[in-house]
Amino acid sequence: MINKRRLVKTFKELVRIDSLSLREAQVARYVRRELRKLGIRSVQVGKPRGGDTGNMVSFVSGQGPLLLLNAHLDTVSPGRNIKPREKRGVICSDGTTVLGADNKAGVAAILEVLRTIKEQKLPHPHLQIIFTVAEEIGLVGAKNLSRSVLKAAYGLALDGGQIDKLLNAAPSQINLTATIIGKAAHAGVHPEAGVNAIRVASEAIAAMKIGRIDRETTANIGVIRGGKATNIIPAEVELRGEARSHDRAKLRRQVKAMTDQLRKACRRHGARLRLTTEQMYRSFAVRPDSPIVKLVLTGMKKERLRPQIKPSGGGSDANIFNARGVPTLVIGVGARQLHTTGEELVIRDFIRGTELLLTIIREAAGG
Ligand code: CA
């Protein structure tokens with residue numbers, strides 16, 4: 001049904017255009033031009049602060065419910081000057097950057113499906129296409145979309161990996177930043193006059209339960225920064241960490257447990273603590289018997305896939321769409337090892353995943 005060569009060509013063109021978060025204007029221009037060729041207009045909404053373009057929102061009139069299709073335009077670092085290579089049915093980077101299949105495979109799949117629908121005059125529901133910006137730095141573009149824009153009956157975010165996996169739930173995430181303020185002193189002359197912030201931080205972290213907490217909950221301290229020289233008792237250390245859980249009460253408990261350890265260690269040594277926590281996004285769970293799950297399952301079966309319904313470990317724009325009332329699932333088009341320089345796209349899966357998307361869309365219009 002779809003044009004496989006054109007799909008792959010579009011993908012390679014997309015990844016060759018640099019589009020780190022907040023720098024998506026150039027790739028947005030490319031996508032806008034492709035949409036315009038199909039007679040589809042797009043408007044720019046919710047431009048993030050510091051960004052060079054906004055989210056692209058388009059509408060294609062059809063019959064039946066309004067289906068949201070989403071992918072994000074930004075890629076993670078190292079993501080400049082990506083050179084896609086094709087080897088034995090797999091596309092990868094040259095090893096110095098990510099590939100950017102996250103999420104340009106999703107962008108290419110949506111474009112190809114729109115072209116196919118138009119060329120072959122295929123039945124489809126009303127479609128809302130939202131290409132978001134700054135997803136990778138905290139779903140910033142999606143957070144800037146108001147409820148009045150998000151009116152779809154249901155949605156699909158093409159931001160997964162495996163094509164037979166349907167992610168119907170995702171955790172909440174809270175980030176925490178802690179600054180431990182001790183007291184500087186000469187390490188050789190007056191060590192007893194100092195309060196060693198590195199020591200305080202170490203004790204707090206050592207006492208924390210981090211990593212996998214339980215089936216639904218994870219936690220991490222990912223950044224530690226502080227200290228000036230070996231002969232100075234360090235006066236300040238900054239820690240940055242996060243916790244995620246599918247259960248919001250567990251998440252609150254985990255964050256409290258982590259901050260309690262920081263408080264205790266500070267108290268023990270007479271250090272001060274500056275603490276900020278930020279809710280990055282809220283969890284969601286789309287019921288397995290909901291219309292969008294049924295739709296995707298039907299499509300997967302038609303494509304002879306064996307569907308797996310799974311919760312995701314990470315947040316995506318789907319968290320925002322769900323929070324704003326659009327039940328949205330995450331599906332994939334064959335990308336692997338996301339967020340690494342070993343990221344790759346399996347062409348066979350990419351094609352099948354795109355065919356699957358087309359099948360789901362036709363199914364939504366009444367089969
Ligand atoms: Ca992504």
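The values are calculated or read from the model by the stated rules, or taken from the named source; none is laboratory data. Please read these numbers as outputs of a predicted model, since none were measured by experiment. Neighbour counts run over all protein chains shown; Cβ positions are idealised from the backbone, glycine included. All accessible areas refer to the heavy atoms of the entire protein, side chains included, with ligands and DNA or RNA removed. Shrake-Rupley method; radii C 1.70, N 1.55, O 1.52, S 1.80 Å.
Brief remarks follow.
- The count of lysine pairs in region 1-138 that are at least 8 places apart or cross chains, and whose C-alpha atoms lie under 15 Å apart, stands at 9.
- Ellipsoid semi-axes in whole angstrom, largest first, where each is sqrt(5λ) of the Cα gyration tensor of region 247-367: 41, 19, 11
- Scattering profile of the chain at q = 0.07, 0.14 Å⁻¹ [log10 I(q)/I(0), Debye over alpha-carbon scatterers]: -0.36, -1.11
- All other residues whose Cβ lies under 14 angstrom from that of Lys121 are scored, Lys and Arg at +1 and Asp and Glu at -1, for a net of +2.
- Relative to the longest principal axis of the Cα atoms of the chain, the long axis of helix 25-37 lies at roughly 10 degrees.
- Lysine pairs within region 255-367, Cα separation less than 21 Å, 8 or more sequence positions apart or different chains: 5
- Protection proxy ranking of 84-91, 191-198, by the mean of other Cβ atoms within 10 Å over each peptide's residues and highest first, is 191-198, 84-91.
- Rounded percent of accessible protein surface that carbon and sulfur make up, the chain, 1.4 Å probe: 48 percent
- With the convex hull constructed from alpha-carbon coordinates only, region 177-281 shows a mean projected area of 6.4 nm² over all directions.
- Placing R0 at 35 angstrom, the Cβ-Cβ distance between Val45 and Asp18 gives a FRET efficiency of 0.95 after rounding to 0.05.
- When shorter helices are ignored and each DSSP H run of at least 4 residues is given -39500 (n - 2.57), the per-residue value for the chain at 222 nm works out to -10500 deg cm²/dmol.
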